[in-house]
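To start, the structure itself, in structure tokens.
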Amino acid sequence: MIGARVQGNQELNLDTEDRWGTKSDVMYCHCDFEIRGRTIVMSPDTAWSPPIQFCQHLSEKFKVDVDINYSEPGCNFAGRTMINKKGVVIMDENYSYTQGKYILNNKEFWTSLINNCLIGFILEFNKEEIKEMFSYVSEEDMITIIKIFNDEKEKEK
């Protein structure tokens, strides 16, 4: 069991929230570990929140800096947290899901928009609401989004 520790002859099982900071455990078979030089990239699925406590334990134990990006479309959040070698959170940015995708994984943001994941959703709004909804994008990107919106509206006619 991950996070289990021995005290004397007794095994202590740490609660999942103590280990990962999430509601349920991470399934390693679905975690996708990758080593890139001096960087380990992992993509676990966690319940309802990112595994910040795990990252803090990892940074303390191995004296490494941790930089985690995360997103959850169902709960409409995304973010980035950086943790130093002492396990201290030194940066914590939180966004809505789409804003986080735009800032943290811009390619995935545009792929979602263009592949209709967001188009069906944004067509329910008018142009001014679209501008407000995507207020975090650059002026150039707003022009592109409005063009996509207008093109899709034309297809509906």
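The values are calculated or read from the model by the stated rules, or taken from the named source; none is laboratory data. No experiment lies behind these values; they were computed from the predicted model shown. Cβ coordinates were reconstructed from backbone atoms using ideal geometry, including for glycine residues, and neighbour counts include every protein chain displayed.
Being out of contact with any strand residue (DSSP E or B) (no Cβ under 8 Å at 6 or more places or on another chain), assigned by TED's automatic domain parsing to the domain that holds Phe149 and surrounded by fewer than 16 Cβ atoms within 10 Å (Cβ to Cβ) narrows it down to one residue among Phe109, Phe121; which is it?
One residue alone meets the criteria, Phe121.
So is Thr98 assigned by TED's automatic domain parsing to the domain that holds Thr46, touching an Asp or Glu at 6+ places or on another chain (Cβ under 8 Å) and at pLDDT below 95 or not? Outline the logic, then answer.
On the way: assigned by TED's automatic domain parsing to the domain that holds Thr46: yes; touching an Asp or Glu at 6+ places or on another chain (Cβ under 8 Å): no; at pLDDT below 95: yes.
Taking the combined requirement at face value, the residue does not satisfy it.
In the stretch 112-157, which residues are among the hydroxyl-bearing types (Ser, Thr, Tyr) and either in contact with a Lys or Arg (Cβ under 6 Å, 6 or more places away or on another chain) or at pLDDT below 90 (or both)?
The one that is among the hydroxyl-bearing types (Ser, Thr, Tyr) and either in contact with a Lys or Arg (Cβ under 6 Å, 6 or more places away or on another chain) or at pLDDT below 90 (or both): Ser112.
Using the structure shown, decide if Asp151 is acidic (Asp, Glu), surrounded by fewer than 17 Cβ atoms within 10 Å (Cβ to Cβ) and in contact with a strand residue (DSSP E or B) (Cβ under 9 Å, 6 or more places away or on another chain).
On the way: acidic (Asp, Glu): yes; surrounded by fewer than 17 Cβ atoms within 10 Å (Cβ to Cβ): yes; in contact with a strand residue (DSSP E or B) (Cβ under 9 Å, 6 or more places away or on another chain): no.
Taking the combined requirement at face value, the residue does not satisfy it.
For the stretch 97-106, does any single residue satisfy the condition of being among the small types (Gly, Ala, Ser), within 16 Å of the chain's Cα centre (by Cα) and exposed (fewer than 13 other Cβ atoms within 10 Å of the Cβ)?
The answer is no, given that none of the residues of the stretch 97-106 is among the small types (Gly, Ala, Ser), within 16 Å of the chain's Cα centre (by Cα) and exposed (fewer than 13 other Cβ atoms within 10 Å of the Cβ).
May I ask you to say which residue of Glu128, Glu140, Glu108, Glu154 is within 30 Å of Thr39 (Cα to Cα), of a type in the set (Asp, Glu) and assigned to a helix (DSSP H, G or I)?
None of the other options fit; the residue is Glu108.
Of the numbered conditions (1) out of contact with any Leu (no Cβ under 8 Å at 6 or more places or on another chain); (2) of a type in the set (S, T, N, Q); (3) closer than 25 Å to Ala47 by Cα, Thr98 fails exactly one; give the number of that condition.
(1)
Quickly run through the stretch 37-66 and pick out the residues that are over 23 Å from Asn105 (Cα atoms) and part of a loop (DSSP other than H, G, I, E, B).
Within the stretch 37-66, Lys63, Val64 qualify.
Among the residues of the stretch 69-90, write down those that are touching a Lys or Arg at 6+ places or on another chain (Cβ under 7 Å) and in a strand (DSSP E or B).
If the condition is that a residue be touching a Lys or Arg at 6+ places or on another chain (Cβ under 7 Å) and in a strand (DSSP E or B), then Asn69, Ser71, Ala78 are the ones that fit.
Could you list, in sequence order, all residues of the stretch 28-74 that are at pLDDT 85 or above, within 12 Å of the chain's Cα centre (by Cα) and of a type in the set (S, T, N, Q)?
Listed by number, the residues that qualify are Asn69, Ser71.
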